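Data first, discussion second: the structure below is written as structure tokens.
The values are calculated or read from the model by the stated rules, or taken from the named source; none is laboratory data. All figures in this text were calculated on a predicted structure; none of them were measured in a lab. For neighbour counting, all protein chains shown are included, and Cβ atoms are generated from backbone atoms with ideal geometry for every residue, glycine included.
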Amino acid sequence: MFDLNLSQSEYLSDLKMALLNEFDALYKKHQNQGIYAFALVLDGLLVAQYTTVSTRQSLLSEAENKFQYLSENDQWNVDKWHYRAQTQQGVALFSRKMSEYFQKTRLNSTQISAKERFNDNALNFYIHGMQEVKDHILDQFNLGADKITFLIHLSSNPQIALSSLERLNPPSSNLFEAIAHLKSSLISKGRSKTRLSQIDKDLLIDLGQLLEIEPYDDLQVAQQAYMLTLEPYFLETSPSIQRLINDIAAMDAGILVMTKHDILQRMKQFHS
């Protein structure tokens, strides 16, 4: 079973081998197209899903090719990159070892802080693996560190990509371009009205119904909020929704942090 704490070196070796196999396959296929980035993509449970590269030749050059090529705005939008690895000895095989462990660990976490430590540990594990793989790739394929950028990507949390970019790559125009793009996207989203996904909306409806139950039981509400954090879809919700649910479930010296009034006030921001 995958264990981040007891046998990390063994599984780190498995992760590196999976990443190397997938990059090797992608490089052989796209090496003449100007590969400028390599990404490991995670799902909401922080389980590795696949790797992908993007190339200079895939960038949009003519309007009529918009369905075949990336637009300039999507140059660092990993979800829209075209080229994904498809190998039998790659990330998918490795992830089957870890998914069961990840799910059980989340279910066995009795405190929000424990889950946060687990998430940090998992992300550090991926970054460590990618760092060692990056050094090997640059040497094996004779690539310049300023020509190809490495990152970890989670669609629901752009901060992970930003953190990985800064930790994995030396200063370069490629890196600065990627960071500027991601930060610009975050600023634009912050200025615009929050757009809730269907998962966000459903969760807010469930929370609203929970608050209407009479007589009101603050401990029961906190317990239900905690149970929501264990759902597989929780990390797919927006960061602001996650913070709200975590705060509802939190206790300080045995006292709940949020009252019913506090919760209702926080919920108003999503309906304004």
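The table below lists the values:
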{"read-out": "Any hit, segment 177-190, residues being in a loop (DSSP other than H, G, I, E, B) and either more than 17 Å from VAL41 (Cα to Cα) or charged (D, E, K, R) (or both)", "value": "no"}
{"read-out": "Residue in segment 70-79 that is over 19 Å from SER99 (Cβ atoms), in a strand (DSSP E or B), in contact with a Phe, Trp or Tyr (Cβ under 8 Å, 6 or more places away or on another chain) and at pLDDT below 90 present", "value": "yes"}
{"read-out": "In segment 3-27, residue modelled with the lowest pLDDT [restricted to those that are under 23 Å from the mean Cα position of the chain (by Cα) and farther than 27 Å from ALA37 by Cβ]", "value": "ASP3"}
{"read-out": "Evaluation of PRO215 against (1) at pLDDT 85 or above; (2) within 25 Å of ASP43 (Cα to Cα); (3) not aliphatic (A, V, I, L, M) (one fails), failing number", "value": "(2)"}
{"read-out": "SER109 being loosely packed, with under 15 Cβ neighbours inside 10 Å and either at pLDDT below 80 or hydrophobic (A, V, I, L, M, F, W, C) (or both)", "value": "no"}
{"read-out": "Which numbered condition SER156 misses (of (1) closer than 30 Å to GLU10 by Cβ; (2) touching a residue at least 12 places away in the same chain (Cβ under 8 Å); (3) outside any loop (DSSP other than H, G, I, E, B); (4) not acidic (Asp, Glu))", "value": "(3)"}
{"read-out": "Subset of segment 146-163 [under 19 Å from HIS30 (Cβ atoms) and hydrophobic (A, V, I, L, M, F, W, C)]", "value": "ILE148, PHE150, LEU151"}
{"read-out": "Number of the exception - ALA145 against (1) within 14 Å of VAL78 (Cβ to Cβ); (2) in contact with a Lys or Arg (Cβ under 9 Å, 6 or more places away or on another chain); (3) part of a loop (DSSP other than H, G, I, E, B)", "value": "(1)"}
{"read-out": "Any hit, segment 218-237, residues being surrounded by fewer than 17 Cβ atoms within 10 Å (Cβ to Cβ), modelled with pLDDT under 90 and over 23 Å from GLU116 (Cα atoms)", "value": "yes"}
